[in-house]
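The structure appears right after this line, and notes come after that.
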Amino acid sequence: MDLAKFAYDAPYPEPKVEEPNRHYAEILLDDYAGYASEFTAIALYSYQHFISDVKHRDFADLIIGIAQVEMKHLDLLGTTIYLLGALPKYRGSYTTYGQYWNGYFVNYDKDLKDMIKIDIQSEKEAIKNYKRHIEMIDDRYVKKLLERIILDEEKHIKLLKDYLDRKF
């Protein structure tokens, strides 16, 4: 699968940090495996891929492509969290009160139109969180990474909206 169709056309910055900072790592844990996180997006999109594969093959292909880009984000965030001085465990921070990731974070809707709307809303929520975290983090390398991830999330919204418009 050509992931270029699902990601913004620009390289990712190399994960690095100005210096270790556990507070910043805690902030990023919410993006990594919190309620509205990359890990949740991967689980949601995988679920949707499995249940759509027979009746809506085109959607299944779209959503698994987006999920693979989210896996790249998870990798970049996990490395950055570790560089900041924390372990990239599958848990959130502030949004989950430090609790580990849970399958209840996934919306298990089965209606295609509803799934797409949920996906668009999830991508918007991720962007909102990334923008808020950019304001909270004073590390130029981490900010650059989050800004680049936002570009992918914006592309995902466009792809999903285009699909929704074509189908409905």
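The values are calculated or read from the model by the stated rules, or taken from the named source; none is laboratory data. None of the values given here were measured: they were computed from a predicted structure. Cβ coordinates were reconstructed from backbone atoms using ideal geometry, including for glycine residues, and neighbour counts include every protein chain displayed. These area figures cover heavy atoms from the full protein model, side chains too; ligands, DNA and RNA do not enter into them. Shrake-Rupley method; radii C 1.70, N 1.55, O 1.52, S 1.80 Å.
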Next item on the list: Mind checking the full-extension length gain between Ile51 and Lys5? Use 0.36 nm per residue of separation minus the Cα-Cα distance, one decimal, nm.
Entry: 14.3 nm
Next item on the list: Give a residue-ordered list of calculated ³J(HN,Hα) values for segment 108-121 (Karplus: 6.51 cos²θ - 1.76 cosθ + 1.60, θ = phi - 60°; whole Hz; x for Gly, Pro).
Entry: 9, 4, 10, 7, 4, 4, 5, 4, 5, 5, 4, 4, 4, 5
Check: What's the extension gain from Lys128 to Leu151 if we count 0.36 nm per residue and subtract their Cα-Cα distance?
Finding: 7.0 nm
Next item on the list: Mind giving me the FRET efficiency for Lys113 and Glu19? R0 is 35 Å, r the Cβ-Cβ distance, nearest 0.05 is fine.
Entry: 0.15
Next item on the list: Sort the following peptides by mean Cβ neighbour count (other Cβ atoms within 10 Å, averaged over residues), highest first: 46-57, 102-113.
Entry: 46-57, 102-113
Notebook entry, point to check: Taking a probe of 1.4 Å, how large is the accessible area per residue of the chain, in Å²?
Noted result: 53 Å²
Next item on the list: Report, to two decimal places, the Cα Rg of the chain normalised by 2.2 N^0.38 Å (N = number of residues).
Entry: 1.01
Check: Which of rounded, prolate, oblate describes segment 71-168, given a ≥ b ≥ c as roots of the alpha-carbon gyration tensor eigenvalues and a/c under 1.5 marking rounded, otherwise prolate only if a/b is larger than b/c?
Finding: oblate
Notebook entry, point to check: Of Lys16/Lys158; Lys55/Lys110; Lys110/Lys131; Lys5/Lys167, which sit over 23 Å apart, Cα to Cα?
Noted result: Lys16/Lys158; Lys110/Lys131
Checklist line | Solvent exposure, largest accessible area first (probe 1.4 Å, DNA, RNA and ligands not counted), of Phe6, Phe39 | finding: Phe39, Phe6
Check: Of Met71, Met115, which has the most accessible area and how do the rest follow, probe 1.4 Å?
Finding: Met71, Met115
Next item on the list: Take every Cα pair under 8 Å in the chain that's 6+ residues apart, average their separations, divide by the length, and report that relative contact order as a whole percent.
Entry: 33 percent
Item checked: Cα gyration tensor of segment 30-97 - equivalent ellipsoid semi-axes, whole Å, descending -> 27, 12, 6
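Pulled fully out, how much extra length does the chain show between Lys161 and Asp75, if you take 0.36 nm times their separation in residues and subtract their Cα-Cα distance?
My answer for the length gained is 28.3 nm.
On the protein heavy atoms, probe 1.4 angstrom, tell me the percent of accessible surface of segment 19-167 carried by carbon and sulfur.
54 percent
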